[in-house]
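To start, the structure under review is shown below, and the notes come after it.
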Amino acid sequence: MILGLRKSLDDKSPEQQQDKLVKEYGLDDKIATLLTSDFGLQSFYLKALDDSRATFTQNKAPVPSDLAKKVASWLAGEYLSHFNARALDWGEVEVTPAHLSQLIYLFDQGQITATVAKSIMAEMFETGSTPSKIIRDRGYLMQVDSLKLAEIARSVVDSHPQAVSDFHHGK
């Protein structure tokens, strides 16, 4: 699908390309204008979107209906912030569409927080490492143990009987 869109965008004017991104993916005009302002950026976006769909599918996770917007948002925000701060050209960047798609997947699945995702993005630009490697090295992966959380909650409730009573009485 992305390959077909890429081919259909190649022979279009920038305005036609923007319109197509707005209509096909529901991107707002401002983001579509940005993404079509540079061929390298546009190509990166389409590849990152393609890679993101593949990442979700390979991990047997449902592909979010707003994935195109999520990829555009991460690319236009955090990614370009680091890219522009380093004054890179598209041929120099080590943070690939696959890196971005993996980061989006991990964040979307709740395995990392937004703050951690932003830290990982910064480190990807500094080191060229993949999100998985950074997470492994830094121990960033969120692990939720529902039994442990229930135990903690029970302990807090048990140690504050007056607050529990007040809550039950609407105070």
Give, as residue ranges, the helices (runs of 4 or more DSSP H) completely inside region 59-139 that count at least 3 residues that are touching a residue at least 24 places away in the same chain (Cβ under 8 Å) and farther than 13 Å from TYR45 by Cα.
97-108, 114-127, 131-138
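Would a scan of region 78-94 turn up a residue that is within 11 Å of the chain's Cα centre (by Cα) and either of a type outside the set (A, V, I, L, M, F, W, C) or at pLDDT 95 or above (or both)? Reasoning before the result, please.
Taking region 78-94 as the starting set, the residues that turn out to be within 11 Å of the chain's Cα centre (by Cα) are 78-79.
From what is left, the residues that are either of a type outside the set (A, V, I, L, M, F, W, C) or at pLDDT 95 or above (or both) are 78-79.
Yes, because at least one residue in region 78-94 is within 11 Å of the chain's Cα centre (by Cα) and either of a type outside the set (A, V, I, L, M, F, W, C) or at pLDDT 95 or above (or both).
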So, SER155, is that one at pLDDT below 85 and polar (S, T, N, Q) or not?
yes
Exactly one of ALA150, ALA122 is farther than 30 Å from GLU24 by Cα, among the small types (Gly, Ala, Ser), modelled with pLDDT under 95 and out of contact with any Phe, Trp or Tyr (no Cβ under 6 Å at 6 or more places or on another chain), and that one is ALA150
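Here is a list: TYR140, TYR105. Which entry is aromatic (Phe, Trp, Tyr) and open to solvent by less than 40 Å² (accessible area, probe 1.4 Å)? First the steps, then the outcome.
Details: TYR140 fails: open to solvent by less than 40 Å² (accessible area, probe 1.4 Å).
Step by step, each of TYR140, TYR105 is checked, and only TYR105 is aromatic (Phe, Trp, Tyr) and open to solvent by less than 40 Å² (accessible area, probe 1.4 Å).
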Just to verify a result, which residue in region 66-97, among those that are in contact with a Gly (Cβ under 9 Å, 6 or more places away or on another chain) and not β-branched (Val, Ile, Thr), is least open to solvent (accessible area, probe 1.4 Å)?
ALA68
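The values are calculated or read from the model by the stated rules, or taken from the named source; none is laboratory data. Being a predicted model, the structure only gives us computed values, none of them experimental. Cβ: placed from backbone, ideal geometry, glycine included. Neighbour counts: every protein chain shown. Just the protein is used for accessible areas: all its heavy atoms, side chains included, with ligands, DNA and RNA removed. Shrake-Rupley method; radii C 1.70, N 1.55, O 1.52, S 1.80 Å.
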